[in-house]
Amino acid sequence: MCVLSVLRRVYNNYLEAVYCTFPLHRTQPIKQHMLKGERDLVGRDKEQLAAIVVQDRLTFISQFCLDLFVYFSLPGFYPAHSTNTSSVTRRVLQLVLNHYVMSFGMYWTHRALHKNVWLWRNIHSIHHWAKHPLSRTTYQDHWFDNFGNAIVGHIFAQILVPLDAQMFWVSRVLRVCESLEKHSGVSGYFNLVHSVQRWLPYAQMPHHHDWHHEGHKGCNYTFSSLGGLWDCVFGTRKSGRAKEGVQTLWDNLEQGRFSFDTKYFDGMYTCFIPLCALSGIVVNSFVS
């Protein structure tokens, strides 16, 4: 937990240094970041900033308690250090599969947070106060937003597709850096983790998620965390404002022929069906 906190701080500083030093690589026009009234650079007022401070503290407490609970109640969740005899190729493929499982859970959680009116109004809209996100806004959510993502994302994925000790921490580092990058406000070769995963099917860059933030409540698209496959499969992919040179191979391809009509899951309560199904699979896997 301490190591990841240091990583977040260091990588956040790197991304914001890039943001300030290379304005031409920003995902949004410079004029949209001009301060208007008593608001910060990402568009939040004083009352919202005060609320964010409270949620940051609650996030720290809830995440610490969750880590302790998992450590003592799920033996083996944190893999012990040992010599792994599997091939590097197999371990990397397992890491990719783990991340797609993680992304699946976080995709449907994110989509439900937008589609359920109560969850949007009381929880997820806090994160969307940042209409021009910077890396510092990555974890500035309602505490339950972060809490839910940790369970449905990291915990569910590790139970269903367990990683060895080395890959477990590689996964954590990649996930932290990916989250910071997609909120960084810049899109290009500076985004180290996104550049590495550009080969994945329908991979996304920070300009995709940035477009999601610009839409506010109407941004019911581009929900995926890692990669971008689930947005393609479930018909919610939008390319965003991609400048020449940072577009991915998939930005100009139609998603329709690979997509399923999932509008049924946009209801107030039907949006929870995929999450309930995933939870059932996790419970069955854990107890069997």
Worksheet item: Round to a whole number: what % of the accessible area of the chain belongs to carbon and sulfur, probe 1.4 Å?
Response: 66 percent
Fill in: Amide H contacts of V186 (H built 1.01 Å from N, under 5 Å, at least 5 apart or other chain)
T27
Worksheet item: When N is the residue count of segment 41-123, what does its C-alpha Rg come to as a fraction of 2.2 N^0.38 Å?
Response: 1.59
Worksheet, complete the sentence: the chain: relative contact order from alpha carbon pairs under 8 Å, six or more residues apart, as a whole percent, is 23 percent
Discussion item. Within the chain, count lysine pairs with alpha carbon atoms under 25 angstrom apart where the residues are 8 or more positions apart or belong to different chains.
Written reply: 29
Worksheet entry | Solvent-accessible area per residue for segment 82-134 (1.4 angstrom probe, square angstrom) | 43 Å²
Discussion item. Which of rounded, prolate or oblate describes segment 98-154 when judged by the alpha-carbon gyration tensor and an a/c cut-off of 1.5?
Written reply: oblate
Worksheet item: Once amide H atoms are built 1.01 Å from N in the peptide plane, which residues 5 or more positions from S225, or in another chain, come under 5 Å H to H?
Response: Y107
Worksheet item: Most mobile of V186, V53, V96 per a Gaussian network model of the chain (Cα springs, under 10 Å)?
Response: V53
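The values are calculated or read from the model by the stated rules, or taken from the named source; none is laboratory data. Keep in mind that this is a model prediction, so the values were computed, not measured. What goes into the accessible areas is simple: the full protein's heavy atoms, side chains included, and nothing from ligands, DNA or RNA. Shrake-Rupley method; radii C 1.70, N 1.55, O 1.52, S 1.80 Å.
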